[in-house]
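Down below is the structure, laid out as structure tokens.
The values are calculated or read from the model by the stated rules, or taken from the named source; none is laboratory data. In this text the structure is predicted, and so the values were computed from the model without any measurement. As a convention, Cβ positions derive from the backbone with ideal geometry for all residues, glycine included, and neighbour counts pool all protein chains shown.
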């Protein structure tokens, strides 16, 4: 998915995203960032990175299981083709 910024500058190494926050969440977010001494952008980037890393673990497990099942199915199919070997 291309954003306007990526189309204008294809060599850019980051991708812009926009989000909508309620006024309450926005105020709470700003208060937390002020307390931590970070910008909202850097805080959100770090937290999104943590969430992606955490959730990526289940994707990795799923992909590994799918690969193992495919290998097992191929081995079973080959064994059925050559039953006396």
Could you check the stretch 32-53 and list, in sequence order, the residues that are surrounded by fewer than 10 Cβ atoms within 10 Å (Cβ to Cβ) and more than 23 Å from residue 16 (Cβ to Cβ)? 35, 37
Would you check if there is a residue in the stretch 12-28 being in a loop (DSSP other than H, G, I, E, B) and modelled with pLDDT under 85? yes
